[in-house]
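Have a look at the structure below before the remarks.
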């Protein structure tokens, strides 16, 4: 994963290690690095922030006689990358679900995202995760427009052995979500996972529909699924959903096939919301908790 981003970071560290730590010497190297970041799906504002911060930190920096110059550069780069990725909004998913269960109420998550990001499969993975932790789950198919959407979610529900609430195609998506929550309350189910449409006639229609679902069900969390392979499109999608609908966290899908890696840096920076999980394969178990510190350590190895 992320081979090209790793290669670019390593190249920067090696070049800066042998360069005089002055702004005029660093600027051309950081200019090349900025281009490398953008080529690896890092959004322009993020690439600018990383390079500007590195110049500020290293300009005139005095390396002590016994210090390892390369380690000093790596440490500064690690801190800058972490600053880009850390947010003030922490989401402890299992703890918040536990608190809601203690009140006898279902925990409601609405999933949003463009078709093709792996949203429905991700919902199934999250359902499997909750099941493995001892929580009961019901799925709601509020994507009542895309052909095959109901059958797709229904197949996942059957495989996982959980209930799915559905209406006919063309039905009001908010009504499906509302019925799923009512079902959960009646049957003492802990978690409601709501699948939504990823595309309608226009983007504005889509956003209005999602806003209506949120008004009706008042979810505990709204999670955006983003395909890491779509690069800067992923960043644009994250920004649009964040501004139009409001999101609390992101799940980055198809990370196992991503050789660039810039989406992980950019999506958090743009939305100021954390990445909760990354999808690392096709199986239900292929969902890993995302840790920014481990991610930065991994790409700097």
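The values are calculated or read from the model by the stated rules, or taken from the named source; none is laboratory data. Fair warning: this is a prediction, and the values are worked out from it, not measured in the lab. A quick note on method: Cβ atoms are made from the backbone with ideal geometry, for glycine too, and the neighbour counts reach across all protein chains shown.
Take residue 76 and tell me if it is under 30 Å from residue 233 (Cβ atoms), buried (at least 16 other Cβ atoms within 10 Å of the Cβ) and either at pLDDT below 85 or under 31 Å from the mean Cα position of the chain (by Cα) (or both). First the steps, then the outcome.
Details: under 30 Å from residue 233 (Cβ atoms): no; buried (at least 16 other Cβ atoms within 10 Å of the Cβ): yes; either at pLDDT below 85 or under 31 Å from the mean Cα position of the chain (by Cα) (or both): yes.
When the stated conditions are applied, residue 76 does not pass them.
Residue 49: surrounded by 15 or more Cβ atoms within 10 Å (Cβ to Cβ), modelled with pLDDT of 85 or more and more than 23 Å from residue 291 (Cα to Cα), yes or no? Can you show your working first?
Details: surrounded by 15 or more Cβ atoms within 10 Å (Cβ to Cβ): yes; modelled with pLDDT of 85 or more: yes; more than 23 Å from residue 291 (Cα to Cα): no.
No: the conditions fail for residue 49.
Given the conditions (1) at pLDDT 90 or above; (2) within 15 Å of the chain's Cα centre (by Cα), and given that residue 89 satisfies all but one, which numbered condition is not satisfied?
The single condition residue 89 does not satisfy is (1).
Given the structure, is residue 266 buried (at least 19 other Cβ atoms within 10 Å of the Cβ), over 30 Å from residue 159 (Cα atoms) and touching a helix residue (DSSP H, G or I) at 6+ places or on another chain (Cβ under 6 Å)? Break it down into steps so the answer makes sense when it comes.
Values: buried (at least 19 other Cβ atoms within 10 Å of the Cβ): yes; over 30 Å from residue 159 (Cα atoms): yes; touching a helix residue (DSSP H, G or I) at 6+ places or on another chain (Cβ under 6 Å): yes.
Judged against the criteria, residue 266 is a match.
Could you check, for the stretch 241-250, whether at least one of its residues is in the same structural domain as residue 107 (by TED's automatic domain parsing) and over 25 Å from residue 106 (Cα atoms)? Don't jump to the end; show me each part of the working.
Filtering the stretch 241-250 down to residues in the same structural domain as residue 107 (by TED's automatic domain parsing) leaves 241-250.
Right, trim to over 25 Å from residue 106 (Cα atoms) and you get 243-244.
Among the residues of the stretch 241-250, at least one is in the same structural domain as residue 107 (by TED's automatic domain parsing) and over 25 Å from residue 106 (Cα atoms), which makes the answer yes.
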